[in-house]
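A quick write-up on the structure given underneath.
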Amino acid sequence: EQRTLLSAGPVDDYPNSADTAQLISLTPAESAHPGVANLAGNLEEALDHDVFEFVATVNGFVSVAVGADTESSLDSYVTISHRNPVSGALDDVTSDDDSGPDRDSLAQFEVQVGDSYVVDVSGYGDSIGQYRLDITTGPVLLDDYPDSPDTAQVIELSRTESDAPGAASLSGNV
């Protein structure tokens with residue numbers, strides 16, 4: 001009798017859906033570095049997704065960085081969703097392809113303490129490889145100027161002899 005062993009393919013390190021997302025514990029609010037998590041993962045095959053979920057431990061601004069390991073050719077892509085506390089439905093928050101260094105992803109968004117957020121890590125196209133996931137929380141960044149032409153701040157140009165005519169100077173943070 002001849003038998004053939006069928007390969008099941010590579011073993012997946014993390015779940016592929018929000019329904020079975022790997023829970024990540026962020027450092028508690030009273031710790032020296034609150035709201036932080038770091039872990040390593042691997043997108044073993046094309047179209048693989050590694051899905052994580054975390055509960056915000058502080059109010060603030062979160063950065064989710066997905067960086068390819070040194071020997072990895074991964075071009076990461078990250079999608080962030082907020083889990084509705086009543087229905088459990090996912091609401092899109094943001095996504096990113098290449099805002100980090102090289103082809104790494106960097107998503108930034110505001111969180112509320114106690115709310116759940118789902119992080120979906122994938123490769124752009126059929127990109128695969130090992131990565132590191134870094135989640136950090138900081139204070140809420142206040143926007144100093146509007147983001148829309150409809151609500152734009154008026155800037156007046158100089159009309160005096162002491163200033164260059166038609167010049168304006170304004171400082172702000174991006």
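The values are calculated or read from the model by the stated rules, or taken from the named source; none is laboratory data. Bear in mind that the values here come from a model prediction, so they are computed numbers and not experimental data. Note: ideal-geometry Cβ built from the backbone for every residue, glycine included; neighbour counts use all protein chains shown. Heavy atoms of the whole protein, side chains included, go into the accessibility calculation; ligands, DNA and RNA do not. Shrake-Rupley method; radii C 1.70, N 1.55, O 1.52, S 1.80 Å.
Numbers for the structure displayed
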{"item": "Residue in segment 30-39 that is among the small types (G, A, S), in a strand (DSSP E or B), out of contact with any helix residue (DSSP H, G or I) (no Cβ under 7 Å at 6 or more places or on another chain) and under 20 Å from R132 (Cβ atoms) present", "result": "yes"}
{"item": "Pair list, Cβ under 6 Å, 6 or more apart: segment 59-85 residue touching a residue at least 12 places away in the same chain (Cβ under 8 Å) and small (G, A, S), other residue open to solvent by less than 30 Å² (accessible area, probe 1.4 Å) and part of a loop (DSSP other than H, G, I, E, B)", "result": "A65/G100; G67/D104; A68/L74; S76/D104"}
{"item": "Filter pass, S72 being surrounded by 14 or more Cβ atoms within 10 Å (Cβ to Cβ) and under 13 Å from the mean Cα position of the chain (by Cα)", "result": "no"}
{"item": "Sole residue being touching a Phe, Trp or Tyr at 6+ places or on another chain (Cβ under 7 Å) and either over 21 Å from P15 (Cα atoms) or of a type outside the set (K, R) (or both), chosen from F61, F54", "result": "F54"}
{"item": "The lone exception for F52 - which of (1) within 27 Å of G129 (Cβ to Cβ); (2) modelled with pLDDT under 95 it fails", "result": "(2)"}
{"item": "Any hit, segment 2-21, residues being in contact (Cβ under 8 Å) with a residue 12 or more places away in the chain, in a strand (DSSP E or B) and open to solvent by less than 70 Å² (accessible area, probe 1.4 Å)", "result": "no"}
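This table checks each residue for (1) touching a Ser or Thr at 6+ places or on another chain (Cβ under 9 Å); (2) modelled with pLDDT under 90.
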position: A8; (1), (2): no, yes
position: Y14; (1), (2): no, no
position: T27; (1), (2): yes, yes
position: S31; (1), (2): yes, yes
position: T79; (1), (2): yes, no
position: S95; (1), (2): yes, no
